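Notes follow the structure.
The values are calculated or read from the model by the stated rules, or taken from the named source; none is laboratory data. Since this is a predicted model, take the numbers as computed values, not measurements. Quick reminder, even Gly has a Cβ in these numbers, built from the backbone with ideal geometry, and neighbours come from all protein chains shown.
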Amino acid sequence: MLEKIIVMFTGLLSQFAPAQEQYPKNYFRSPIDTSIVLAGNFAELRPNHFHMGIDIKTNNHEGMPVHAAADGYVSRVKFSSFGYGKVLYVTHPNGYVSVYGHLSSFNDSIGVYMKTRQYASKTVELELFPKPNELPVKKGEVIAYSGNTGNSGGPHIHFEIREEKTEKATNPLLWGFEVKDNKKPQVTRVKIYPADENARVNGKNEALELQVNQGKQGFTTSAKEPVLVSGPIYFGLQAFDTETYGGGKNGVYSIELWVNKKLIYHHEMDKIGFDEMRTINSFIELPEYQKTGKLIQRSYVEPNNRLQIYKFVSNRGVINFNTDSTYKVEYILKDIEGNTTTVKFPVKSVPTDASTKTSDSTGCSSFFSYDKKNSYHTSDFMIDMPENVLYNNICFIYSSSLTNTKGYYSNLHHVHAATLPVNDFFTISIKSKPVPDSLKKHLFIAKIHPGGRKEYIGGEWHDDLLTAKTKEFGDYAICADTVAPVIIPVNINPGKKIGAQKSIELKITDNLSGLAHYEAYLDGNWILMDYEYKQNKLFYIIDRSKQYNPFNKQDEKHLFKLQATDKAGNTRVYKTTLVL
């Protein structure tokens, strides 16, 4: 019966695996005029997400012209301090949307469109959705300039091609963009995992890591003898790819796993939905990454892992080794140009010794099913999880401990293991110790990291319970932030003559909860002041145009005012007089 279920499940995975789509090779042009050299490729492994496009190098410079990849219209424009920073979305007649992120600025027409609405709403961080006839663009037209805004680690262009209806991101390199690549993927280690508490790898119920080295014979592992395996086992590997001129450690396009010439697992990085990005934490071995930074890609699919990258998976990637024989394991890795790497190693299957079997662990606070709603309540703690937030069924473990640590206003709540991946938001509620009303408004739920570092999560009050949403298990407590942001002027001071300056700059920092809101004024007029969080910098490019000139009178003192509020509700106001 079990074998029939496995066969049926394998057939289902094969049936619903995404079919290979054909993408026209000349519809889109490159967003730049120079050769494309990648700093990052599609589906590259990043913290908590897959990379959804390609990162194009700009020689570490900003201001490179960015061209529309095809005819269309600007359907979305966003000005943000985080994420993609300043970003444009262009919708095309073929049903796709091209995306251009981390820009320094937009072209004149798009820039005026955005700026007019920012001043009208007195809002810096703004997202707009122009109508099809408002901002049309032609293929090759300069629509923006490259930059380093948002969550960018250096100047580059982030470029995507998404399906308009589903918003799934497709691999841009499938569209025919020329990226010189004559290098094979590289493998640094493979790993062998017991799939349950009764499986064994070299006699132990723990994973075994093998180093992989490249020699004249190709890639080989550090194992001198076949690894002994018994029971249900799955495999994983650490690998990366590079292009001819890129030099970075990018993602691998295709990975296959064969055992005795039988395909067990195969994925290709063609298309990923934004609702699937966080599934990377199920795709990799998250505890290993959190501990060592190693990105081990598991050839194993958890029950609620809904990634569409899988072309074929047999029995979720688990092989039952229960006979006395030797098996040949082979990984085949390919980049999008077809450059291929193979890693082969033997394992020897030995029957499981019944005397070594371990019993199921006990101590569950509750049993959580991934496909059902789950909750657990105590007198001072609650957790509520929607269905499909977990990737697998778990034995949920919870405990709490008293703490007299200064700055804690609740018990410390140990909510399962921080190493277990979670797919989406769930809710936790914590009861606060008695506090005066003046302090209550500054309390929030914090995730407590090893060493005591506090990460702001937030929360809303429901009687004496503070409730917040999070996407991670771990330690949580109620903490307080009563210190307002710190504002430090960089190129201004009281009475300074700024007539020759092009900008006004200040540093702004917050000790705990982080900056939530700011607004700046000159002579009572709101001004468009950018926030560069990577440098904790606020800056205003002085605009002396008739429409946006903020100075009421010339050659007199002018009042500059900046008000900043953190996420815990603490506000700081900085004022000074300036002279033109």
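Below is a table of values for the structure above.
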| item | result |
| --- | --- |
| Residue that is nearest to Ala477 (Cα to Cα), among those in the range 390-405 that are surrounded by 18 or more Cβ atoms within 10 Å (Cβ to Cβ) and touching a residue at least 24 places away in the same chain (Cβ under 8 Å) | Phe396 |
| Options Gly499, Gly524, Gly474: the member that is touching a Lys or Arg at 6+ places or on another chain (Cβ under 9 Å), of a type in the set (Gly, Ala, Ser) and surrounded by fewer than 13 Cβ atoms within 10 Å (Cβ to Cβ) | Gly524 |
| Considering residues of the range 52-103 that are under 25 Å from Gln535 (Cα atoms) and of a type in the set (Phe, Trp, Tyr) only, the residue surrounded by the most Cβ atoms within 10 Å (Cβ to Cβ) | Tyr100 |
| Given (1) crowded, with 18+ Cβ neighbours inside 10 Å; (2) without any contact (Cβ under 8 Å) to a residue 40 or more places away in the chain; (3) not basic (Lys, Arg), index of the condition Ser254 fails | (2) |
| Which numbered condition His442 fails, given (1) closer than 15 Å to Asp475 by Cα; (2) surrounded by fewer than 21 Cβ atoms within 10 Å (Cβ to Cβ); (3) touching an Asp or Glu at 6+ places or on another chain (Cβ under 7 Å); (4) not hydroxyl-bearing (Ser, Thr, Tyr) | (1) |
| Meets criteria (over 30 Å from Phe345 (Cβ atoms) and of a type in the set (Ser, Thr, Tyr)) for Tyr193 | no |
| Those residues of the range 420-471 which are of a type in the set (Val, Ile, Thr) and farther than 18 Å from Phe381 by Cα, in sequence order | Val422 |
| Leading residue by the ranking (farthest from Ser366 (Cα to Cα)) among those in the range 394-441 that are aromatic (Phe, Trp, Tyr) and not in a loop (DSSP other than H, G, I, E, B) | Tyr408 |
| Of the criteria (1) in contact with a Ser or Thr (Cβ under 9 Å, 6 or more places away or on another chain); (2) of a type outside the set (Asp, Glu); (3) within 23 Å of Ile284 (Cα to Cα); (4) at pLDDT below 95, which one Gly452 fails | (3) |
| Residues of the range 429-445 that turn out to be closer than 29 Å to Met385 by Cα and polar (S, T, N, Q), as a count | 2 |
| Filtered residues of the range 346-378 (kept if more than 30 Å from the chain's Cα centre (by Cα), in a loop (DSSP other than H, G, I, E, B) and modelled with pLDDT of 95 or more) | Thr378 |
| Of the criteria (1) farther than 13 Å from Val415 by Cα; (2) surrounded by fewer than 17 Cβ atoms within 10 Å (Cβ to Cβ), which one His449 fails | (1) |
| Answer residue from the range 528-559, given it is among the aromatic types (Phe, Trp, Tyr) and modelled with pLDDT under 95 and is nearest to the chain's Cα centre (by Cα) among those | Tyr533 |
| Residue count, the range 98-132 (criterion: touching a residue at least 12 places away in the same chain (Cβ under 8 Å) and under 30 Å from Ala39 (Cα atoms)) | 19 |
| Enumeration of residues in the range 272-294 that are outside any helix (DSSP H, G or I) and surrounded by fewer than 21 Cβ atoms within 10 Å (Cβ to Cβ) | Gly273, Ile284, Gly293, Lys294 |
| Residue in the range 145-166 that is in a loop (DSSP other than H, G, I, E, B), in the same structural domain as Tyr73 (by TED's automatic domain parsing) and under 20 Å from Glu268 (Cβ atoms) present | yes |
| Within the range 31-66, tally of residues that are touching an Asp or Glu at 6+ places or on another chain (Cβ under 8 Å) and over 15 Å from Glu178 (Cβ atoms) | 7 |
| Residues of the range 153-202 satisfying the condition of being in contact (Cβ under 8 Å) with a residue 40 or more places away in the chain, touching an Asp or Glu at 6+ places or on another chain (Cβ under 9 Å) and farther than 23 Å from Ala69 by Cβ | Asn182, Lys183, Lys184, Pro185, Gln186, Arg189, Val190, Lys191, Ile192, Tyr193, Glu197, Arg200 |
| Those residues of the range 311-320 which are assigned to a strand (DSSP E or B), surrounded by 21 or more Cβ atoms within 10 Å (Cβ to Cβ) and in contact with a Pro (Cβ under 8 Å, 6 or more places away or on another chain), in sequence order | Ile319 |
| Verdict on Glu519 being over 17 Å from Met382 (Cα atoms), outside the structural domain of Ala568 (by TED's automatic domain parsing) and under 30 Å from the mean Cα position of the chain (by Cα) | no |
| Hey, Ile508 under 21 Å from Val579 (Cβ atoms) and of a type in the set (Val, Ile, Thr) or not | no |
| Hey, Leu506 of a type outside the set (Ser, Thr, Tyr), touching a residue at least 24 places away in the same chain (Cβ under 8 Å), part of a strand (DSSP E or B) and not assigned by TED's automatic domain parsing to the domain that holds Lys431 or not | yes |
